[in-house]
Amino acid sequence: MTNQNDSTHQDDTTLTNRQGHPITNNQNLRTVGNRGPATLENYDFLEKMSHFDRERIPERVVHARGAGAHGYFETYGVVGNEPISKYTRAKVFQDKGKKTPVFVRFSTVIHGGHSPETLRDPRGFAVKFYTEDGNWDLVGNNLKIFFIRDAMKFPDMIHAFKPDPITNIQNVERFFDFCASSPETFHMVTFVYSPWGIPANYRMMQGSGVNTYKWVNSEGKAVLIKYHWEPLQGIKNLTQREAEEIQKKNFNHATQDLYDAIEQGDFPEWELNVQIMEDGPHPELDFDPLDDTKLWPNDQFPWYPVGKMVLNKNPEDYFAEVEQATFGTGVLVDGLDFSDDKMLQGRTFSYSDTQRHRVGTNYLQLPINAPKKRVATNLNGGQMMYKRDLAPGQNPHINYEPSMLNGLKEATQTDKEYTPHIEGKLVRESIDRQSNTKQAGETYRNFEQWERVELLENLIRDLSVCNMAIQKAMIALAEEADKEYGRLLKEGLQKAEKNSSTSKPLGNIDGDDAPKDAINNGHDAEPY
């Protein structure tokens with residue numbers, strides 16, 4: 001029953017937090033202006049995200065299935081014809097030819113640690129640079145955009161994409177229910193349901209930082225940055241039928257491909273490219289540069305190659321290196337900085353929080369995660385600590401700062417500190433200039449004809465079994481993106497058979513027949 005004196009109009013279905021407080025805005029972080037940055041007192045977000053980070057023990061909540069390798073990054077030292085120091089003072093990028101050790105983990109996102117690598121899903125592309133200034137983690141995906149633009153929605157998105165909490169089977173209706181209710185997802189849906197949703201393997205896929213970052217130079221001036229990894233082996237994607245044929249033979253094919261290539265000396269390589277934009281809101285654009293659902297157009301913001309990565313060594317132990325490897329978007333070195341991207345700020349809390357929960361408080365003392373330089377901290381204690389981070393000659397009795405008794409001392413700031421000006425009202429709002437479907441239409445038109453056909457076949461097959469309201473909403477988004485896209489989707493759904501189940505992996509063909517086939521094709525046996 002609704003209490004007429006209750007200003008929030010609660011009833012039995014009202015969403016609350018664990019304290020019982022009704023949640024009036026489950027879509028947006030509280031931020032300084034609608035573009036961010038976010039503020040620390042976001043209690044509903046912190047409760048939601050910190051609980052989400054602890055939902056799986058000990059497997060990663062997302063990106064559980066992974067493969068990894070060691071290698072190095074070699075910097076070109078320039079951006080176009082200019083020295084890279086004009087834009088960033090990060091040492092990893094200076095001095096042409098300098099090599100920095102790296103460890104890379106590739107992954108699928110939604111399913112568990114031993115799930116098939118042929119499933120329709122984004123792929124993770126995380127790189128740990130062991131730089132002379134400490135670790136830098138560039139944590140991204142193979143696709144250059146994302147489903148959402150606000151971290152408040154991330155746990156809901158993953159819940160919708162994960163297996164049903166009752167059946168433990170992924171359900172396409174749950175996937176499209178969330179996407180149809182969140183129009184900003186449509187560009188990513190267009191990519192994921194095309195052949196780009198199933199890379200042929202890890203070596204032949206692109207990578208992207210996805211989020212918007214900043215570079216800072218020695219004068220304290222910043223520019224906005226997008227990172228892109230381009231595979232020098234070329235790019236290969238699979239159709240749904242091709243992927244299912246591969247899955248029949250080997251559901252570890254991408255891990256095996258990476259491992260075998262390195263063992264045979266066929267070392268995979270990627271060129272790192274950046275797009276650069278002056279810092280600011282850029283009102284002349286029809287999208288916000290901090291919006292993770294958008295691409296920065298190449299013709300306006302060209303790609304500049306800044307270095308090359310080579311993977312030349314397989315892990316010696318999968319668990320010690322690949323499974324216990326930890327990454328975080330907040331792991332930046334001097335000369336690299338955060339933008340006000342709300343997804344980036346939410347991920348920065350979530351990722352390192354997850355690692356402390358999953359691997360332990362002292363996860364950074366594990367060899368795969370430890371920086372390859374001297375470490376001296378006043379952090380002490382916690383589960384699985386096996387050493388103290390003492391400096392040579394440090395007074396071991398002093399685990400605080402400041403001190404006059406031979407404790408640790410602050411570093412000296414040599415270059416000018418970056419001090420962005422922040423001003424605005426604290427609000428819970430989506431950013432302006434949402435333009436949820438325009439780039440999806442451009443992406444559709446840029447696809448080759450066979451890619452469009454594959455996209456539509458996959459969408460029609462899965463949407464045909466969904467609730468009619470979801471179908472109508474997805475058709476409307478497609479029509480808004482591109483007239484042909486919308487028309488073909490609508491016509492296809494009108495003709496489609498609707499006799500299959502929603503409980504299946506995304507894009508799955510004839511999977512409903514499998515339980516009956518197992519019975520019909522099974523061979524009788526006597527008990528023993």
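The values are calculated or read from the model by the stated rules, or taken from the named source; none is laboratory data. Predicted model only: the values in this text are computed from it and were never measured. Cβ: placed from backbone, ideal geometry, glycine included. Neighbour counts: every protein chain shown. For the accessible areas, the whole protein counts, side chains as well, though only heavy atoms, and no ligand, DNA or RNA atoms are used. Shrake-Rupley method; radii C 1.70, N 1.55, O 1.52, S 1.80 Å.
Taking region 34-56 as the region of interest, how many residues are in contact with a Lys or Arg (Cβ under 7 Å, 6 or more places away or on another chain) and open to solvent by 20 Å² or more (accessible area, probe 1.4 Å)?
Quick first cut of region 34-56, residues in contact with a Lys or Arg (Cβ under 7 Å, 6 or more places away or on another chain) only: 36, 38-39, 42, 47.
Going one step further and asking which of them are open to solvent by 20 Å² or more (accessible area, probe 1.4 Å), we end up with 38-39, 47.
Number satisfying all stated conditions: 3.
Residues are listed down the side, and each one gets a yes or a no for (1) touching a residue at least 12 places away in the same chain (Cβ under 8 Å); (2) part of a loop (DSSP other than H, G, I, E, B); (3) in contact with a strand residue (DSSP E or B) (Cβ under 8 Å, 6 or more places away or on another chain); (4) charged (D, E, K, R):
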residue	(1), (2), (3), (4)
GLY220	yes, yes, no, no
GLN256	no, no, no, no
TRP270	yes, no, yes, no
LEU295	yes, yes, no, no
LEU311	yes, no, yes, no
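Would you mind stating whether LYS214 is open to solvent by less than 40 Å² (accessible area, probe 1.4 Å) and either of a type outside the set (A, V, I, L, M, F, W, C) or part of a helix (DSSP H, G or I) (or both)? Spell out the reasoning first.
Working: open to solvent by less than 40 Å² (accessible area, probe 1.4 Å): yes; either of a type outside the set (A, V, I, L, M, F, W, C) or part of a helix (DSSP H, G or I) (or both): yes.
Yes; evaluated as a whole, the condition is true for this residue.
Any residue at all in region 128-147 that's on the phi < 0 side of the Ramachandran plot, in contact with a Leu (Cβ under 8 Å, 6 or more places away or on another chain) and in a loop (DSSP other than H, G, I, E, B)?
yes
Among TYR351, TYR318, which is farther than 29 Å from THR88 by Cα, open to solvent by 40 Å² or more (accessible area, probe 1.4 Å) and in contact with a strand residue (DSSP E or B) (Cβ under 9 Å, 6 or more places away or on another chain)?
Working: TYR351 fails: farther than 29 Å from THR88 by Cα.
Only one candidate passes the filter, namely TYR318.
Specify which of the listed residues (GLU480, GLU491, GLU497, GLU484) is outside any helix (DSSP H, G or I), over 26 Å from HIS111 (Cβ atoms) and open to solvent by 30 Å² or more (accessible area, probe 1.4 Å). So that I can check it myself, show each step before the final result.
On the way: GLU480 fails: outside any helix (DSSP H, G or I); GLU491 fails: outside any helix (DSSP H, G or I); GLU484 fails: outside any helix (DSSP H, G or I).
Among GLU480, GLU491, GLU497, GLU484, only GLU497 is outside any helix (DSSP H, G or I), over 26 Å from HIS111 (Cβ atoms) and open to solvent by 30 Å² or more (accessible area, probe 1.4 Å).
Within region 458-477, work out how many residues are in contact (Cβ under 8 Å) with a residue 40 or more places away in the chain, assigned to a helix (DSSP H, G or I) and under 20 Å from GLU244 (Cβ atoms).
The qualifying residues number 5.
For region 68-105, which positions are of a type in the set (Ser, Thr, Tyr), assigned to a loop (DSSP other than H, G, I, E, B) and in contact with a Lys or Arg (Cβ under 7 Å, 6 or more places away or on another chain)? Don't jump to the end; show me each part of the working.
Narrowing region 68-105 to residues of a type in the set (Ser, Thr, Tyr): 72, 75-76, 85, 87-88, 100.
Still in the running and assigned to a loop (DSSP other than H, G, I, E, B): 76, 87-88.
Correct list: TYR76 only.
If you scan region 57-69, which residues turn out to be modelled with pLDDT of 95 or more and either open to solvent by 40 Å² or more (accessible area, probe 1.4 Å) or basic (Lys, Arg) (or both)?
The one that is modelled with pLDDT of 95 or more and either open to solvent by 40 Å² or more (accessible area, probe 1.4 Å) or basic (Lys, Arg) (or both): ARG65.
If we keep just the residues of region 171-203 that are outside any helix (DSSP H, G or I) and open to solvent by less than 10 Å² (accessible area, probe 1.4 Å), which is nearest to ALA254 (Cα to Cα)? It would help to see each step written out before you state the result.
Initial filter on region 171-203 (outside any helix (DSSP H, G or I)): 171, 182, 193-194, 198-203.
Going one step further and asking which of them are open to solvent by less than 10 Å² (accessible area, probe 1.4 Å), we end up with 182, 193-194, 198-199, 202.
Details: SER182: 32, TYR193: 19, SER194: 19, ILE198: 11, PRO199: 9, TYR202: 6 Å.
That would be TYR202.
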